[in-house]
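Colleague: Can you read through this structure? Questions will come right after.
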Amino acid sequence: MTPTITRLAFLALTISGGTVAAQDYLRDHAEVEALLSGATLSGIYLRSQSAYVLEFHPDGSLVDGHGASARWWVSDNGQYCREWLSGRLAGNKACMELTRDGDQIAIYSNGNRVAEGTLSR
């Protein structure tokens, strides 16, 4: 399958509001850490339909496409966690679930898909 077709299939699932069972979330701490460390996630925040870029530095720092900074880590149960240190979300701290389909990542908060994007190195 070509990357374009894969992306379209991922978007079709998103638009259809497909549900994700808890067992579909990434749960392995080491796997999630290796997946994000040194990677860039480019995508869309679904509520606002705004584009974003997140750079996950191996030292635990996180920078968005607007220059805001945060720290990121992976919880014991494999959740992606972050705390914004600057920017409009400064002080906001949350842990979220991830699903993966190839290079496509979906981020869930309280069972609701809140963002999706493509992971690159």
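Colleague: Among the candidates S75, S69, which residue alone is in contact with a Ser or Thr (Cβ under 6 Å, 6 or more places away or on another chain), modelled with pLDDT of 95 or more and either among the hydroxyl-bearing types (S, T, Y) or open to solvent by less than 40 Å² (accessible area, probe 1.4 Å) (or both)?
Modeller: Numbers: S75 fails: in contact with a Ser or Thr (Cβ under 6 Å, 6 or more places away or on another chain).
Being in contact with a Ser or Thr (Cβ under 6 Å, 6 or more places away or on another chain), modelled with pLDDT of 95 or more and either among the hydroxyl-bearing types (S, T, Y) or open to solvent by less than 40 Å² (accessible area, probe 1.4 Å) (or both) holds for just one of S75, S69, which is S69.
Colleague: Please work out if T19 is at pLDDT below 95 and closer than 17 Å to T118 by Cα.
Modeller: On the way: at pLDDT below 95: yes; closer than 17 Å to T118 by Cα: no.
Considered against the rule, which asks whether it is at pLDDT below 95 and closer than 17 Å to T118 by Cα, T19 comes out as no.
Colleague: In this structure, is G91 over 13 Å from V32 (Cα atoms) and touching a residue at least 60 places away in the same chain (Cβ under 8 Å)? Lay out the reasoning, then the answer.
Modeller: Details: over 13 Å from V32 (Cα atoms): yes; touching a residue at least 60 places away in the same chain (Cβ under 8 Å): no.
Taking the combined requirement at face value, the residue does not satisfy it.
Colleague: Tell me which of these R121 doesn't satisfy, since it passes every other one: (1) modelled with pLDDT of 95 or more; (2) closer than 23 Å to A34 by Cβ.
Modeller: (1)
Colleague: Moving on. Name the single residue, out of those in the range 78-111 being part of a loop (DSSP other than H, G, I, E, B) and under 12 Å from the mean Cα position of the chain (by Cα), that is modelled with the highest pLDDT. Step through it out loud before you land on a result.
Modeller: Initially, the range 78-111 is screened for residues part of a loop (DSSP other than H, G, I, E, B), giving 78-79, 85-92, 102-103, 110-111.
Adding the requirement that they be under 12 Å from the mean Cα position of the chain (by Cα) leaves 79, 103.
Working: Q79: 98, D103: 94.
Per the criteria, the residue is Q79.
Colleague: Hey, can you tell me all the residues within the range 32-64 that are open to solvent by 30 Å² or more (accessible area, probe 1.4 Å), small (G, A, S), closer than 18 Å to S75 by Cα and not in a strand (DSSP E or B)? Break it down stepwise before answering.
Modeller: From the range 32-64, those open to solvent by 30 Å² or more (accessible area, probe 1.4 Å) are 33-34, 37-38, 40, 42, 44-51, 53, 55, 57-59, 61, 63-64; that's our starting set.
From what is left, the residues that are small (G, A, S) are 34, 37-38, 42, 48, 50-51, 61.
Among the residues that remain, those that are also closer than 18 Å to S75 by Cα are: 34, 37-38, 61.
Answer for the range 32-64, where residues must be open to solvent by 30 Å² or more (accessible area, probe 1.4 Å), small (G, A, S), closer than 18 Å to S75 by Cα and not in a strand (DSSP E or B): A34, S37, G38.
Colleague: Also, quick follow-up: Would you confirm whether any residue within the range 112-121 is basic (K, R), in contact with a Gly (Cβ under 8 Å, 6 or more places away or on another chain), open to solvent by 50 Å² or more (accessible area, probe 1.4 Å) and in a loop (DSSP other than H, G, I, E, B)? Write out each step before concluding.
Modeller: Quick first cut of the range 112-121, residues basic (K, R) only: 113, 121.
From the residues that got through so far, the ones that are in contact with a Gly (Cβ under 8 Å, 6 or more places away or on another chain) too are 121.
Filter once more, so that each one left must be open to solvent by 50 Å² or more (accessible area, probe 1.4 Å): 121.
Those still in the list that are in a loop (DSSP other than H, G, I, E, B) too: 121.
Yes, the range 112-121 contains a residue that is basic (K, R), in contact with a Gly (Cβ under 8 Å, 6 or more places away or on another chain), open to solvent by 50 Å² or more (accessible area, probe 1.4 Å) and in a loop (DSSP other than H, G, I, E, B).
Colleague: Something else: Among the residues in the range 85-95, are any crowded, with 17+ Cβ neighbours inside 10 Å and either out of contact with any helix residue (DSSP H, G or I) (no Cβ under 8 Å at 6 or more places or on another chain) or within 14 Å of Y25 (Cα to Cα) (or both)? Outline the logic, then answer.
Modeller: Initially, the range 85-95 is screened for residues crowded, with 17+ Cβ neighbours inside 10 Å, giving none.
No, that holds for no residue.
The values are calculated or read from the model by the stated rules, or taken from the named source; none is laboratory data. What you are looking at is a predicted structure, and each value in this text was computed from that prediction instead of being measured. We place every Cβ from the backbone using ideal geometry, glycine too, and count neighbours over all the protein chains shown. Ligands, DNA and RNA are stripped out before the accessible areas are found, and what is left, the full protein with its side chains, is counted by its heavy atoms. Shrake-Rupley method; radii C 1.70, N 1.55, O 1.52, S 1.80 Å.
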